[in-house]
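Just below is one structure, and these are the notes that go with it.
The values are calculated or read from the model by the stated rules, or taken from the named source; none is laboratory data. Everything numeric here is computed off the predicted structure, so don't read it as measured data. Cβ coordinates were reconstructed from backbone atoms using ideal geometry, including for glycine residues, and neighbour counts include every protein chain displayed.
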Amino acid sequence: MSQGKNVQMFLMDGEVTGRMKCTLANWTGLAFKIPRAHLDKCKNRSDLKQSGVYFLFGKNEANEDEVYIGQAGTRKNGEGILFRVAEHLNDKDYFNEAVMLTTQNDSFGPTEISYLENKFANLALETDRYHVRNNNDPNPGHVTEEKESELEEFVEYSKIVLGVLGYKVFVPLGESQEPSTPERSTDELRLFLTSTDRSSHQKIEAQCLRTSEGFVLLKGSKIRPDAVTSAPAGIKELRKECMNSGAIQDGVLTKNQLFTSPSYAASFVLGASVNGRDKWKTADGKTLNDVELDDMKE
């Protein structure tokens, strides 16, 4: 079991919708979550005139989560990370919040922030939760193995802090991609759905993970080509969006999809309104409903 973490959150304006400062025990970093409209309130903060990396979060026209990841060094005029983020007010109108990472002792130089920018950008692409707006792969720079170890520790703490601030940009959809074994325990439950389309006689096979966030329909799952007339409107629309975006190709899901309920996930697969607690089953044939009832008895 993972160890607990002591995260300290300070509401700088006394409101949950305002500016936030976040620190973590045994971490030299500082994280600030600043709404776009409140950037001007931070202009006199010395800790935001330091070097660091930043994340610009927003939505695109398709209402998908987006992020831009950048870096900022300390400038001769005393302006640092906040000044760089403020410059984007003119060229990036999509973002509504910025998260800025720096250190308590202003220890980042050009090499460190280049490494971190590259690392964070590639992690975001790998996780594939957000559309990453960076056009170019940031230069990682050259660091010693000792410095790399130090920066990797900073990255791990930063991932925790960003998650606490509400951005799961580095949290994979479904931590485990393989069935759990006695040697490798997991809180996730792998479930299976098998059916045959009556009209085409095509076999439909799908897998999902029950996670702490919901139900993750796994890429590679086969999706029924057409939704029935009585299928929920939301399901029809989501299936259409996935086909248009390439998330469904030739009846196969190409990207993990998160659903809030097992029925919504099953309805997406089958293109019809169904009870997911009966449709999803474990490898040994137990329905999800039976699994949950058994869990309550233990």
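Structure notes:
- Only one of SER273, SER263, SER230, SER267 that is in a loop (DSSP other than H, G, I, E, B), out of contact with any strand residue (DSSP E or B) (no Cβ under 7 Å at 6 or more places or on another chain), at pLDDT 90 or above and not aliphatic (A, V, I, L, M): SER273
- Per the conditions (1) under 27 Å from ARG129 (Cα atoms); (2) surrounded by 15 or more Cβ atoms within 10 Å (Cβ to Cβ); (3) not basic (Lys, Arg), the sole criterion not satisfied by ASN289 is (1).
- Inter-residue pairs, beta-carbon under 6 Å, first at negative phi and in the range 77-101, second among the small types (Gly, Ala, Ser) and outside any strand (DSSP E or B), 6+ apart: GLY80/SER51; LEU101/SER158
- Looking across the range 243-288, the residues that are of a type outside the set (Gly, Ala, Ser) and without any contact (Cβ under 8 Å) to a residue 24 or more places away in the chain come down to MET243, ASN244, GLN249, ASP250, VAL274, ASN275, ARG277, ASP278, ASP284, LYS286, THR287.
- Top-ranked residue of the range 57-108 - restricted to ones that are in a loop (DSSP other than H, G, I, E, B) and among the aromatic types (Phe, Trp, Tyr), ranked as surrounded by the most Cβ atoms within 10 Å (Cβ to Cβ): PHE108
- Per the listing LEU258, LEU238, the residue uniquely part of a strand (DSSP E or B) and either buried (at least 18 other Cβ atoms within 10 Å of the Cβ) or assigned by TED's automatic domain parsing to the domain that holds THR196 (or both) is LEU258.
- Against the numbered list (1) surrounded by 17 or more Cβ atoms within 10 Å (Cβ to Cβ); (2) without any contact (Cβ under 8 Å) to a residue 24 or more places away in the chain; (3) within 30 Å of VAL164 (Cα to Cα), ASP295 comes up short only at (1).
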